[in-house]
1. Grab the Cα-Cα distance for Lys39 and Val245, subtract it from 0.36 nm times how many residues apart they are, and report the gain in nm with one decimal.
2. How much FRET efficiency would the formula 1/(1 + (r/R0)^6) give for Ala73 and Ser46, where r is the Cβ-Cβ distance and R0 is 41 Å, rounded to 0.05?
3. What distance in nm lies between label points placed 7 Å from Cα along the C-beta direction at Lys252 and Lys233?
4. How many nm separate the modelled label positions at Ser223 and Thr175, each set 7 Å beyond the Cα in the direction of the Cβ?
5. If I stretch the segment between Lys129 and Glu143 completely, what's the gain in nm (0.36 nm per residue apart, minus their alpha carbon distance), one decimal?
6. Listed here are the pairs Lys108/Lys233; Lys44/Lys86; Lys76/Lys233; which of them are more than 25 Å apart at the Cα?
Amino acid sequence: MLSKRLVSTAAICLLLAAGTAACGDSKDNKASAAAAVPKLDTDKLSADEIQKQAKDALATASSVKISGEMNDADGKMTMDLALDTKGQCTGTMSMPGTGKFEIISDGKQSFLKPDKDMWTAVGGPNGAKAAELFKGRYLTGFESDDDFKSLSSVCNLTVLSKQLVEDDDEKSTFTKGSAGTINGAKTFSLKAKDTKGEESTIHVLVEGKPYPVRIEKAGGKESGQLNFGDFDKPLTVQAPPADSVIDFKKFKELQGA
């Protein structure tokens with residue numbers, strides 16, 4: 001159950017990015033703008049060409065921060081997660097019906113700190129007991145478990161970028177929008193409609209690398225906004241103290257109790 005929910009959560013962002021460019025926040029590249037870097041020629045380029053440049057730029061990023069929320073028939077998903085191509089990540093996510101969790105990964109070992117709702121949801125008949133016993137603690141050693149291993153790919157920007165480049169399942173039709181600004185950075189918007197008729201607005205930086213910095217969805221089955229930012233900003237990840245970590249085997253033992 002958890003695995004499917006985690007996959008669908010990650011897929012929300014991946015499919016938005018792959019099928020309709022991507023999402024984003026534009027705190028990065030202030031230095032680039034000041035250095036008279038190349039500008040995106042939105043007059044000459046077609047909407048599809050702008051979209052491709054945005055997707056290609058995101059695929060080359062060494063790190064990125066994803067934040068925002070999306071709503072669908074199941075409820076609201078939130079994300080505030082920084083990740084890089086080394087498999088490092090730090091941040092939080094929440095999913096309807098499952099709860100919220102903090103995740104930390106140094107590229108070799110991952111740590112998950114569920115809230116009470118998540119412990120209860122994933123703990124089976126002993127979920128409430130797990131929530132009380134492991135309250136405020138991090139779970140580690142879960143990477144090989146079928147229900148949890150999808151979290152490893154959530155933290156890896158290399159995997160995400162590969163999905164962006166190779167995923168052609170969601171074909172979209174793009175049209176040009178208009179110039180604008182997001183957090184002081186100049187942008188240009190694209191309007192997109194996928195094969196299901198759902199519409200999105202994508203905002204792309206026009207100075208420096210043409211990173212997609214925000215996607216907004218309205219109407220249809222999904223609505224909300226996701227942002228991408230802090231491109232190529234090195235991550236500093238610190239593992240939690242040993243006395244606040246429990247091994248996944250203890251959690252599985254409780255599940256089988």
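Bear in mind that the values in this text are calculations on the coordinates, not laboratory data. No experiment lies behind these values; they were computed from the predicted model shown. Don't worry about glycine lacking a Cβ; one is built from the backbone with ideal geometry, like all the others, and counts go over all protein chains shown.
1. Difference between extended and current length: 69.4 nm.
2. Numbers: r = 34 Å, r/R0 = 0.83.
Efficiency computed from Cβ-Cβ geometry: 0.75.
3. Distance between label points: 3.7 nm.
4. Taking the simple label geometry, Ser223 and Thr175 are separated by 2.1 nm.
5. Value of the extension gain: 2.8 nm.
6. Exceeds cut-off: Lys44/Lys86; Lys76/Lys233.
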